[in-house]
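Beneath this line is the structure, given in structure tokens, with notes to follow.
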Amino acid sequence: MTDEHHVAAIVPCRDLEASTAFYRRLGLEVVSDYGDYRLLSDGRGWRLHLNETPGWPARVEDNALGLYLYVEDVDAVAERVRELILNDDQPRLKPWGTYEFAVSDPSGTLVRIGRVAD
């Protein structure tokens with residue numbers, strides 16, 4: 001991986017500590033901390049910026065933001081967050097050709113974790 005060509009999502013969060021703990025469970029670690037703004041990385045390609053935004057969204061269920069995290073070992077990540085998986089939808093092959101599952105972060109951001117099926 002090169003540091004010169006990548007993308008990082010900037011994700012607003014109403015509770016920076018809760019969001020940081022959630023994304024740590026997925027495998028990201030804080031690499032820079034600026035108080036109300038944190039940069040996270042898994043060291044392999046996932047990069048995320050958390051921006052503390054009190055009161056956002058007004059209702060967690062109205063958060064329309066979503067992330068898709070591609071990973072080789074989907075089942076290993078699912079095991080770390082098993083009780084958070086939405087709709088008891090364990091990792092499975094989807095009709096669109098991915099093996100994935102979904103969780104929601106503390107601010108209601110939909111996070112799908114998967115890989116393109118072989």
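Odds and ends about this structure:
- Whole-number D in µm²/s for the chain (Stokes-Einstein; Kirkwood sum over Cα pairs; 10 °C, 1.306 mPa s): 107
- Whole-angstrom gap from region 50-118 to region 21-49, using each part's C-alpha centre: 16
- With DNA, RNA and ligands ignored, accessible area of Thr53 (1.4 Å probe; Å², nearest 10): 40
- For the chain, the relative contact order is 26 percent, taking Cα pairs closer than 8 Å that sit 6 or more residues apart in sequence and dividing their mean separation by the residue count.
- Phi to ³J(HN,Hα) by Karplus 6.51 cos²θ - 1.76 cosθ + 1.60 over region 93-108, Hz, x for Gly, Pro: 6, 9, x, 8, x, 10, 9, 7, 8, 9, 9, 10, 7, x, 9, x
- Cα-Cα separations in region 30-84 greater than 16 Å, expressed as whole percent: 62
- Pairwise FRET efficiency - His6 versus Leu86, Cβ, R0 = 41 Å, nearest 0.05: 0.90
- Extended-chain gain in nm, criterion 0.36 nm per residue less alpha-carbon gap, Leu65 and Arg112: 15.8 nm
- Only helical runs count toward this figure. For the chain, summing -39,500 (n - 2.57) over DSSP H runs of n ≥ 4 and dividing by all residues gives -4500 deg cm²/dmol at 222 nm.
- With at most 13 other Cβ atoms within 10 Å, longest stretch of the chain clear of loop chymotrypsin sites (Phe, Trp or Tyr not before Pro) (DSSP): 35-95
- For the chain, a simple Cβ point-charge model (Lys and Arg +1, Asp and Glu -1, everything else neutral) yields a dipole of about 160 debye relative to the Cα centre.
The values are calculated or read from the model by the stated rules, or taken from the named source; none is laboratory data. Owing to the predicted nature of the structure, the values given are computational and were not obtained by experimental measurement. Heads up, the Cβs are rebuilt from the backbone with ideal geometry, glycines too, and the neighbour counts pull from every protein chain shown. Side chains included, ligands, DNA and RNA excluded: accessible areas come from the protein's heavy atoms. Shrake-Rupley method; radii C 1.70, N 1.55, O 1.52, S 1.80 Å.
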